[in-house]
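Working notes, structure below.
The values are calculated or read from the model by the stated rules, or taken from the named source; none is laboratory data. Quantities reported herein were computed from a predicted structural model and do not represent experimental measurements. Cβ: placed from backbone, ideal geometry, glycine included. Neighbour counts: every protein chain shown. Accessible surface is based on the protein model in full, side chains and every heavy atom, while ligands, DNA and RNA are left aside. Shrake-Rupley method; radii C 1.70, N 1.55, O 1.52, S 1.80 Å.
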Amino acid sequence: MKRRTFIQQSSMASLALLGRMPKEKLKLSFSTLGCPEWSFDQIVKFAVQHGYSGLEIRGIQKEMDLSKAAPFKSPEALKETLRLMRDNKLVFVNLGASAAMHHAAPATRAKNLDEAKRLTDLAEQLSCPYIRVFPDHFPKDQDREKTIELMVSGLKELGDYANNTSVTVLMETHGDLVYADDIVNVMQLANHKKVALVYDMVNMWRITREAPGVVYPKLKSWIRHAHIKDLNIVEGNKPSYVLLGKGEAPVKETIELLKKGGYKGFYSFEWEKLWHPEIADPEIAIADYVRVMKTL
């Protein structure tokens with residue numbers, strides 16, 4: 001063994017014996033869905049102030065088509081955006097499309113797939129590893145197996161489009177596709193190296209009540225990104241979103257499973273302020289997330 005390697009390994013062993021082995025730092029990001037009124041400059045400044053290292057982009061100032069959003073709509077804007085991220089030691093972790101794979105009508109389907117392809121191009125320019133798409137629904141007037149075929153073929157088409165890029169297409173566990181076995185079925189049928197998952201435990205659990213300990217082992221091999229949030233279930237099985245740790249969702253169990261399972265991605269706070277304006281303001285919720293995650 002080389003002398004330098006021996007010294008490094010001996011030092012780490014000594015730290016471990018003394019109980020001072022440095023803990024691996026969780027990689028924290030937040031979705032811009034939680035701060036729909038903020039400019040990109042505000043988003044970056046807040047992220048730096050509160051110890052985040054990544055940003056998940058889902059709309060900027062309520063513009064959900066990211067190709068039209070101010071930070072990305074021109075070559076000059078892109079250049080300035082990349083400079084701002086680099087100077088503040090931040091990275092883009094995921095771009096959220098509204099694209100859903102369940103549509104059968106040709107024009108609607110093409111519109112959804114085109115959006116996802118445009119985001120793939122944008123992600124490549126931003127050195128962002130992932131874009132997010134939806135499964136999303138099982139329409140009552142459409143055969144279930146037909147819908148699954150549409151989801152699978154859409155994922156394959158987008159995966160093929162991403163083949164010559166550094167971008168991977170992630171399907172979020174969302175909408176009607178939230179039971180673990182259904183998700184496994186879709187992913188196995190897609191079977192594409194450029195297609196994986198955003199694991200949103202809360203989206204699944206609030207409908208299925210499947211325990212994370214049962215779900216995670218089934219989905220583990222496809223999980224590349226994780227959404228973290230908390231809620232209480234109120235009358236009519238409706239979600240009432242609350243600050244992390246204040247709800248009844250099994251969040252701590254999920255985080256422990258991810259860490260023990262070797263997950264290396266970001267733990268991204270998805271505070272759905274745009275869709276639920278009644279919940280706490282981003283200044284409170286996004287700052288609180290970091291505090292709570294440190295305790296976990």
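With respect to residue 112, determine if the residue is polar (S, T, N, Q), in contact (Cβ under 8 Å) with a residue 24 or more places away in the chain and either in a strand (DSSP E or B) or touching a Leu at 6+ places or on another chain (Cβ under 6 Å) (or both). No; evaluated as a whole, the condition is false for this residue.
Note on segment 137-168: residues that are open to solvent by less than 10 Å² (accessible area, probe 1.4 Å), closer than 20 Å to residue 119 by Cα and out of contact with any Ser or Thr (no Cβ under 6 Å at 6 or more places or on another chain) total 5.
To keep it simple, each residue is scored yes or no on (1) aromatic (Phe, Trp, Tyr); (2) open to solvent by less than 10 Å² (accessible area, probe 1.4 Å); (3) touching a Ser or Thr at 6+ places or on another chain (Cβ under 7 Å); (4) farther than 19 Å from residue 173 by Cβ.
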{"position": "226", "(1), (2), (3), (4)": "no, yes, yes, no"}
{"position": "236", "(1), (2), (3), (4)": "no, no, no, yes"}
{"position": "240", "(1), (2), (3), (4)": "no, no, no, yes"}
{"position": "243", "(1), (2), (3), (4)": "no, no, no, yes"}
{"position": "247", "(1), (2), (3), (4)": "no, no, no, no"}
{"position": "267", "(1), (2), (3), (4)": "yes, yes, no, no"}
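If I ask for residues that are under 18 Å from the mean Cα position of the chain (by Cα) and β-branched (Val, Ile, Thr), which ones from segment 116-147 would you list? Within segment 116-147, 120, 131, 133 meet the criteria.
Exposed (fewer than 15 other Cβ atoms within 10 Å of the Cβ) and of a type in the set (Asp, Glu), is that true of residue 181? The answer is yes for residue 181. Within segment 249-265, restricting attention to residues that are open to solvent by less than 80 Å² (accessible area, probe 1.4 Å) and touching an Asp or Glu at 6+ places or on another chain (Cβ under 9 Å), the residue that is nearest to residue 51 (Cα to Cα) is 251. Determine whether residue 171 is open to solvent by less than 20 Å² (accessible area, probe 1.4 Å), assigned to a strand (DSSP E or B) and closer than 30 Å to residue 106 by Cβ. Yes, satisfied.
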